[in-house]
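Okay, structure first, notes after.
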């Protein structure tokens, strides 16, 4: 067990292993930041888009982070892909991926 591995605002279930073994997590007041662990510090690298900031779930595949969520409880699901090289978001078409996300 490593004490103080996560910052207090990070939710353990939001941690994801990325390329090169780097750790990513949703952090911040409403878990609306994406942070990467560098050394013993967490650094915010991107803001979660507002229309996926409620109950978002993420996973990393290759050098991309896929995030699915909604703007508020009960709203339509939206999806984005974060490029982990330049930390830029791209919206994805959700009509191809219809239905509720349950993780």
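Quick note: the coordinates plus some simple rules give every number you see, no bench work behind them. Please read all numbers here as calculations on a predicted model, not as lab measurements. FYI the Cβ positions are ideal-geometry reconstructions off the backbone, even for glycines, and counts take in every protein chain you see.
Before moving on, here are some points about what is shown:
- Taking other C-beta atoms within 10 Å as the exposure proxy, 26, 73 rank 73, 26 from fewest upward.
- Theoretical gain in end-to-end length, residue 45 to residue 76 [0.36 nm per residue, Cα-Cα removed]: 8.6 nm
- Restricted to Cα atoms, the range 12-97 shows a radius of gyration and a Dmax of 12.4, 40 angstrom.
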